[in-house]
Amino acid sequence: MSIKVRGYAAQSDSSPLAPFEFERREVRSNDVEIDIEYCGVCHSDLHQAKNDWGWSHYPMVPGHEIVGRVRRVGAGVSKFKAGDLVGVGCMVDSCQHCHPCEQGLEQYCENGNVQTYNDTDRFGDNLPTYGGYSDTIVVTEKFVVRVPENLDTQAVAPLLCAGITTYSPLKHWNVQKGSKVAVVGLGGLGHMALKLAHAMGAETTLFTRSAGKEADALSLGADKVVLSTDEAQMQAVANYFDVIIDTVPYSHDLNPYINTLALDGALVLVGLVGDLESTLSTVPLILGRRSVAGSLIGGIAETQEMLDFCGAHNIVPEVEMIDIQHINQAYERLLKSDVKYRFVIDMKSLKQAG
């Protein structure tokens, strides 16, 4: 037996997303079946649908920012019951026995975690994984997280990627009250980094190349804005920041930012997948014991911690709701950065899909 599912899929790197019917596995002992209510639209959905990274498989049902209600659970499930509000993020399984997995860092699984879509479930049924642009998903209990009921449910979904992608490095580099944090870029990731760092008690700054973002940045929790193309403004924050979260998704010069790090400061890349544009000078690294690092989403326990933190501080992303029928137009707008700051699909619209 299997579960018949409706969704939207890309059939090739050049075809628009369109209605698609497929099957998911029947609920196993440790599985949770979820009726999807909302699914966020991540920039990586667009990259993978268009095969920008070179590892796409079709047909592809994107979506890894999933919020919904539990429909039913397997006999061995103890954490969830029908009706619970839950989420699923970027991964749906991992080997569970390598060193990172044993530390609850499944995102760094040495045997490769199973991505929510565009992957093969190597630790389960060896079937392709299909994501949240659909009405139902079946996920092993360990990779389901509980969503606080007090949050605005339709705005929660991007926390499962943009939220945890910025929360994890802030926690790893010990951001707390009095820390000095800067954020490079004001998009889906950047606006979450500002909100979260502010809620952690940090003094928070936005780096931007574009004048005119000050009002938005301040409303999101920034204490100040620094125009990175202005030498005087950059000099004023030399040797200043403990952590810089760089959310820019394309190649860019990191050298100007490194000089703004304090002793032992870290610049953490969370947006760029690929090669850096220019040579990285080691001089300011050596002279200030500074580091350039990367970070990838978070483990399941940390994702739950992030959701609970957002519940306690009433933090949700700024979103624009769309119907699934408008997903291709949303992708076109994503290419122009024409969204503040994240699209979320209301999956009720799938019932009207042709």
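The values are calculated or read from the model by the stated rules, or taken from the named source; none is laboratory data. Predicted model only: the values in this text are computed from it and were never measured. We place every Cβ from the backbone using ideal geometry, glycine too, and count neighbours over all the protein chains shown. Ligands, DNA and RNA are stripped out before the accessible areas are found, and what is left, the full protein with its side chains, is counted by its heavy atoms. Shrake-Rupley method; radii C 1.70, N 1.55, O 1.52, S 1.80 Å.
Restricting attention to segment 79-91, which residues are open to solvent by 20 Å² or more (accessible area, probe 1.4 Å) and either in contact with a helix residue (DSSP H, G or I) (Cβ under 6 Å, 6 or more places away or on another chain) or in contact (Cβ under 8 Å) with a residue 24 or more places away in the chain (or both)?
Residue satisfying the conditions is LYS79 alone.
Scan segment 232-239 and give yes if some residue there is crowded, with 21+ Cβ neighbours inside 10 Å, more than 15 Å from the chain's Cα centre (by Cα) and assigned to a helix (DSSP H, G or I), otherwise no.
No.
Can you tell me which of (1) more than 23 Å from TYR331 (Cα to Cα); (2) at pLDDT 95 or above; (3) open to solvent by 30 Å² or more (accessible area, probe 1.4 Å) is the one GLY212 doesn't meet?
(2) is the only condition that GLY212 fails.
Mind checking which residues of segment 304-323 are of a type in the set (Gly, Ala, Ser) and either loosely packed, with under 14 Cβ neighbours inside 10 Å or modelled with pLDDT under 95 (or both)?
Hit for segment 304-323 is ALA312, nothing else.
Considering only residues that are surrounded by fewer than 19 Cβ atoms within 10 Å (Cβ to Cβ) and touching a strand residue (DSSP E or B) at 6+ places or on another chain (Cβ under 6 Å), which ones fall in segment 324-354?
VAL339, ASP346, SER349, ALA353
SER291 versus (1) modelled with pLDDT of 95 or more; (2) farther than 19 Å from CYS161 by Cα; (3) among the polar types (S, T, N, Q); (4) surrounded by fewer than 13 Cβ atoms within 10 Å (Cβ to Cβ): which is the lone unmet condition?
Against the list (1) modelled with pLDDT of 95 or more; (2) farther than 19 Å from CYS161 by Cα; (3) among the polar types (S, T, N, Q); (4) surrounded by fewer than 13 Cβ atoms within 10 Å (Cβ to Cβ), SER291 comes up short only on (4).
Quick one: would you say LEU334 is modelled with pLDDT under 95, among the aliphatic types (A, V, I, L, M) and within 19 Å of VAL86 (Cβ to Cβ)?
The answer is no for LEU334.
HIS64 fails exactly one of the following numbered conditions: (1) open to solvent by 60 Å² or more (accessible area, probe 1.4 Å); (2) in a loop (DSSP other than H, G, I, E, B). What is the number of that condition?
(1)
Identify all residues within segment 20-57 that are among the hydrophobic types (A, V, I, L, M, F, W, C) and either under 30 Å from GLY274 (Cα atoms) or surrounded by fewer than 16 Cβ atoms within 10 Å (Cβ to Cβ) (or both); write none if there are none.
Passing the criteria: CYS39, VAL41, CYS42, LEU46, ALA49, TRP53, TRP55.
Out of the residues in segment 240-252 that are touching a strand residue (DSSP E or B) at 6+ places or on another chain (Cβ under 8 Å) and either open to solvent by less than 20 Å² (accessible area, probe 1.4 Å) or assigned to a loop (DSSP other than H, G, I, E, B) (or both), state the one that is modelled with the lowest pLDDT.
The selected residue is VAL248.
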